[in-house]
Amino acid sequence: MTLDFRQLNVASLNYNDIISSLKSFLRSEPTLKSLDYDNEGSAISMLCNILATGAAYNGVYAQFGYHESFLSTANLLESIFGIASNGSVLLEAKKSATVTNTVTISGTTLAAYTPFSAITPDGRTTFFFNLNEISPETTTTLTLYSGDNLTQYTDWDFDTQSITVPLTVDPRTISLYTTDTIGQETVWQRVDKTDFNRESGNYFTVLNTVNGYLVTANLPESLNIDGTETVYVRAITSNGSAGNSSVITMPSNVTQLTFNNPSGGYNELSVELARAKVQFSISAENRCVTLADYENAILQSGISGTDDITKITVVNDEIPCRIKIFVDGLSQSNQDALMIYLGTRAVAGINLIYSQ
């Protein structure tokens, strides 16, 4: 018996089409054409039903796998997180509200991860945290991150030089510390994995994994953490959008000089925003060429107030080689930060202005 498998079409996702094709294919073989294909209770019909069921499942799985393997067609956040992980791109699954203001620290040092009490618009109490220690008698720009609490992780793998922390934290707030045998603490410098212009030092980076954030010092230019050191990772447990528009109470040693409101928190990253972040970092290689590149760059900038595509406008100006950038509701300080950020990613000869 010789069968021409070129006549067999089971790639359809329609179950009835698969059965019809299978029966037509088998009928073409002389030794099989006399079987009772039209009787649903016959052995050959039952066998065709079983084969068609398996083919239909495999077809659906294959179709699903093909779609979810590519950024342009993926519709599940888990798929986009996987693609981001392969491209060393960091996506925030749950992002807390942030606020950046100019402050003066007086009297005593502002310790890293100091909790600032705040009241949410619906009257609940929450907290904001700074990430870095600030010396007294200093006027500086201070960024605060909303969150439920400060968490610490110590299950460091010395073989892989890494640890995985859960997606419940805001990855922007992750810090790495080591303490040696005499109690000397080292704060490690967080870097982008794609930036290779560094000398040897205490560096770490944060990347996506399927079930968490990978905190790793396994970088070519990073010093090795040996088993004699105590390693711990600190991060803020994200409360998503809860901190947006909260009113923060400043400690007695912090004088606030500007008064921006917390914003930018979300409970779940949208597929559209996730795709835009990955597209800009992988496809555009962190450079802006098209207007869409600028939109994607703004979306993934991390600047508070820039993560809503409906508020972003990027258009060509009447003057050649000039592009107008505008984000509805963006504070003056964040406007300045955005233009500096975009200026480093624009190609030569392109001028950017902030205007509607």
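Bear in mind these aren't lab numbers, they're just calculated from the coordinates by the rules spelled out. These figures come from a predicted structure and were not determined experimentally. Reconstructed Cβ throughout: ideal geometry from the backbone, glycine too, with neighbour counts over all protein chains shown.
Lysines within cross-link reach of K23: Cα-Cα under 19 Å, excluding same-chain residues under 8 positions apart? Leaving aside lysines fewer than 8 places away in the same chain, those within reach of K23 are K33. For V347 and Q152, the difference between the fully extended length at 0.36 nm per residue and the C-alpha to C-alpha distance is 66.1 nm. Among the GluC sites (Glu not before Pro) in the range 10-119, those located in a DSSP loop and surrounded by at most 15 other Cβ atoms within 10 Å of their own Cβ are E40.
A Cβ-based charge dipole, computed about the Cα centre of the range 14-116 with Lys and Arg at +1 and Asp and Glu at -1, lands at about 320 debye. With the charge dipole of the range 182-312 set up from +1 on Lys and Arg Cβ and -1 on Asp and Glu Cβ about the Cα centre, the Cα lying farthest toward the positive end among the listed residues N218, G240, V191 is that of G240. Taking amide hydrogens as placed 1.01 Å from N in the peptide plane, the amide H of I323 sits under 5 Å from those of D317, N351, L352, I353, each at least 5 positions away in sequence or on another chain.
When Rg and the Kirkwood Rh are both derived from Cα coordinates, the Rg/Rh ratio for the range 232-356 amounts to 1.02. One decimal place: the segment E29-D328 gains 100.8 nm when fully extended, by the rule 0.36 nm per residue minus the C-alpha distance. Checking every one of the chymotrypsin sites (Phe, Trp or Tyr not before Pro) in the range 105-203 against DSSP loop status and a limit of 16 other Cβ atoms within 10 Å picks out F158, F196. Nearest 0.05, what FRET efficiency do T109 and F64 give at R0 = 41 Å with Cβ-Cβ as r? After rounding, the FRET efficiency stands at 0.15. For K193, the aspartates and glutamates whose Cα comes closer than 20 Å to its Cα, not counting residues fewer than 8 places off in the same chain, are E92, D157, D159, D170, E221, E285. Matching the structure-derived log10 I(q)/I(0) by the Debye sum over Cα atoms at q = 0.11, 0.13 Å⁻¹ against the labelled list [x] -0.96, -1.19; [y] -0.79, -0.97; [z] -0.85, -1.07 gives the label [z]. Could you compute the longest span of the chain free of trypsin sites (Lys or Arg not before Pro) located in DSSP loops and having at most 15 other Cβ atoms within 10 Å, not counting the site residues? The longest such stretch corresponds to 34-123. Compute the angle between helix 332-343 and the longest alpha-carbon principal axis of the chain, please, reported from 0 to 90 degrees and rounded to the nearest 10. The helix 332-343 is inclined about 60 degrees to the chain.
Remark: the range 135-275 carries a charge dipole of roughly 460 debye about the Cα centre, counting +1 on each Lys and Arg Cβ and -1 on each Asp and Glu Cβ.
The alpha-carbon of K311 sits under 29 angstrom from the alpha-carbons of these lysines, leaving out residues fewer than 8 places away in its chain: K94, K95, K277, K324. Among the GluC sites (Glu not before Pro) in the range 189-250, those located in a DSSP loop and surrounded by at most 11 other Cβ atoms within 10 Å of their own Cβ are E199.
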